[in-house]
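Note sheet for the following structure.
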Amino acid sequence: MGSLFRSETMCLAQLFLQSGTAYECLSALGEKGLVQFRDLNQNVSSFQRKFVGEVKRCEELERILAYLVQEINRADIPLPEGETSPPAPPVKQVLEMQEQLQKLEVELREVTKNKEKLRKNLLELIEYTHMLRVTKTFVKRNVEFEPTYEEFPPLENDSLLDYSCMQRLGAKLGFVSGLINQGKVEAFEKMLWRVCKGYTIVTYAELDEPLEDPETGEVIKWYVFLISFWGEQIGHKVKKICDCYHCHVYPYPNTAEERKEIQEGLNTRIQDLYTVLHKTEDYLRQVLCKAAESVYSHVIQVKKMKAIYHMLNMCSFDVTNKCLIAEVWCPEADLHDLRRALQEGSRESGATIPSFMNTIPTKETPPTLIRTNKFTEGFQNIVDAYGVGSYREVNPALFTIITFPFLFAVMFGDFGHGFVMFLFALLLVLNENHPRLNQSQEIMRMFFNGRYILLLMGLFSVYTGLIYNDCFSKSVNLFGSGWNVSAMYSSGHGPAERGKMVLWNDTIVRHSRVLQLDPSVPGVFQGPYPLGIDPIWNLATNRLTFLNSFKMKMSVILGIIHMTFGVILGVFNHLHFRKKFNIYLVSIPELLFMLCIFGYLIFMIIYKWLVYSAETSRVAPSILIEFINMFLFPASGTNGLYSGQEHVQRLLLAVTALSVPVLFLGKPLFLLWLHNGRSCFGVSRWLHTYQEG
């Protein structure tokens, strides 16, 4: 409670660490989280410090571990957590761990590289088989061709794609076949036509199923093309255009026997590649599974080791370079644990001379340390988001535990939705030790970290929902309404009462669109609802006006109380830091200004609620008008809330007017007086000293 109300009392300590035990001592200190180091080498750049090589080694290990985690996640292998927080590895094991991780990285990179090569070869062979299957129907070949020697052979009945026809024309026919991306087909065809000037014939067809790109691994739609051309020069142009459009070009067989032989060889090679690829993947998965067993612990150990060397870089060496000197901020309550941690570190390293510490006086402002637990951590984070308080100031997080959820509930105010929120938060609290909640997505992890905030927000929303009588935006009649509709009928009253009151009859009920309940009629208003808003207001046409007035007045009351409480907490700070002039020149004028205006407004609201009843509500004055008249001093007198109201308001305004110049000028003039040696404003320093004596 004391630590949550104010930050811990801190002291500055000086540590003397032997060079051989410094690593183990800082590891023991880090595990307990006792101290905050001061940088004694601020004038030395980060690249010129003593342990730069060790930090670079840790960064290299972090790079290797990041690569391992990336490969493990790519293989969909779960990462076992292992020990939650393993300690930093001893110095003797660091080199061994580095050597093991480097060997593992080299092996993984080599196996992964071989796997990618096998996969690329497999995809290329699959593309080749699809290309042979589709282009088989493109060109008709006459295998048993016997050349004839006609000077001008007839071409009416022969296709230009017929190989025998091309031979009779005396031209040298060539083929280029392959696959091209679906989006590049049109531009590819236009480029061939423009460059080759019609000396090519392009035939293409779309593959039935998309294939994976061997280069990028992306699954896309492909087109198989076959280009027939005449002459070697045209052939070179065609091949350059294919390279420009990143076509996958494969050799085209000249005969049917060659096509069949290539197809059989491809099928055999594909089967062999599948077998080798599966074995490679199994071996790679075994290596990754073995690496996954310890990668989580290694990641934490390397982070701790890097933090230790960062702290060692903040230390300075003595003149003999055999002892490191560090300055740390430590809570006074933890000095005994600090000495014990230094002893444990010296004992683990086997040093004959133990490390020790001593406290040193200082006038510097220590850092703010506020201890939290799993319940108070969320509320402390809310306060720290607006700014961390100064050393030994009153910590508002203690009061935020109640005020933050309650003010949220004032805004939220729904019994049903609040209960759902409460059940959701309760489920998180009861399962807070479940490992999946800590490893969930960012949104779910945010809910989990604020589970106790949500729990109280839901609980307070249930309370304010009962006050507002609001459950899933509907009113609930739990105790029966305090208003009686039947008492408004004239048949239930005597002749004398009928003449004085506006009562209902059958004609009024039939022809009136709106009926008004008069609380001054006997029997209509039977008393207030036991808890919250009467459910009959849900049927009233002026429901929104009434609820807005009620919630506005309640918000004003809660807001002024909240601000006044904050000013009172400031008084505790001034008393603690022995700055009583802030009480007289800041806190008291603030309280007078706030209470004389807004505090008086709260008084009028509560006074009107207590004094005026439902029968006298018609003659009750408006609080808004009375509050405005407080500043305007109207010439014509008003009835007011109570007798002597005008004199009280003028007194309050006078006190408010006097507190304003004190707030603006009081503290600056007092600080100026102190700065000038207490010799201005007609008061000399020697006189002040004489009076003190």
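For His574, are the conditions met, namely being without any contact (Cβ under 8 Å) to a residue 12 or more places away in the chain and farther than 29 Å from Phe472 by Cα? So His574 fails the test.
Filtering the stretch 194-214 to residues that are of a type in the set (Asp, Glu), touching a residue at least 24 places away in the same chain (Cβ under 8 Å) and either touching a Cys at 6+ places or on another chain (Cβ under 9 Å) or assigned to a loop (DSSP other than H, G, I, E, B) (or both) leaves only Asp213.
Of everything in the stretch 11-42 that is part of a strand (DSSP E or B) and over 32 Å from the mean Cα position of the chain (by Cα), the residue that is nearest to Ala397 (Cα to Cα) is Cys11. When residues in the stretch 526-549 are screened for being of a type in the set (A, V, I, L, M, F, W, C), out of contact with any strand residue (DSSP E or B) (no Cβ under 6 Å at 6 or more places or on another chain) and closer than 11 Å to Ser481 by Cβ, 3 of them pass.
There is at least one residue in the stretch 312-322 that is modelled with pLDDT of 90 or more, of a type outside the set (D, E, K, R), in a helix (DSSP H, G or I) and buried (at least 16 other Cβ atoms within 10 Å of the Cβ). Could you count how many residues in the stretch 503-530 are more than 54 Å from the chain's Cα centre (by Cα) and either more than 12 Å from Glu615 (Cα to Cα) or assigned to a helix (DSSP H, G or I) (or both)? Number satisfying all stated conditions: 10.
Does any residue of the stretch 545-568 turn out to be surrounded by 16 or more Cβ atoms within 10 Å (Cβ to Cβ), over 30 Å from Gly389 (Cα atoms) and not assigned by TED's automatic domain parsing to the domain that holds Val394? Yes, the stretch 545-568 contains at least one residue that is surrounded by 16 or more Cβ atoms within 10 Å (Cβ to Cβ), over 30 Å from Gly389 (Cα atoms) and not assigned by TED's automatic domain parsing to the domain that holds Val394. Taking the stretch 43-61, which residues are within 29 Å of the chain's Cα centre (by Cα) and of a type in the set (A, V, I, L, M)? Across the stretch 43-61, the qualifying residue is only Leu61. Considering the stretch 215-259, and only residues there that are in a loop (DSSP other than H, G, I, E, B) and among the small types (Gly, Ala, Ser), the residue that is farthest from the chain's Cα centre (by Cα) turns out to be Gly231. When restricted to residues that are free of Cβ contacts under 8 Å to residues at least 12 places away in the same chain and basic (Lys, Arg), the stretch 262-285 contains 1. The criterion of being within 24 Å of Ile467 (Cα to Cα) and at pLDDT 90 or above holds for Val556.
Restricting Phe577, Phe581, Phe572 to those that are in contact with a strand residue (DSSP E or B) (Cβ under 6 Å, 6 or more places away or on another chain), among the hydrophobic types (A, V, I, L, M, F, W, C) and farther than 25 Å from Ser549 by Cα reduces the list to Phe572.
State whether the residues of the stretch 107-122 include one that is of a type in the set (A, V, I, L, M), touching a Pro at 6+ places or on another chain (Cβ under 9 Å) and modelled with pLDDT of 90 or more. For the stretch 107-122, residues of a type in the set (A, V, I, L, M), touching a Pro at 6+ places or on another chain (Cβ under 9 Å) and modelled with pLDDT of 90 or more: present.
The values are calculated or read from the model by the stated rules, or taken from the named source; none is laboratory data. If you're wondering where the values come from, they're calculated on a predicted model, not measured in any experiment. Note that we place each Cβ from the backbone using ideal geometry, even for glycine, and neighbour counts take in every protein chain shown.
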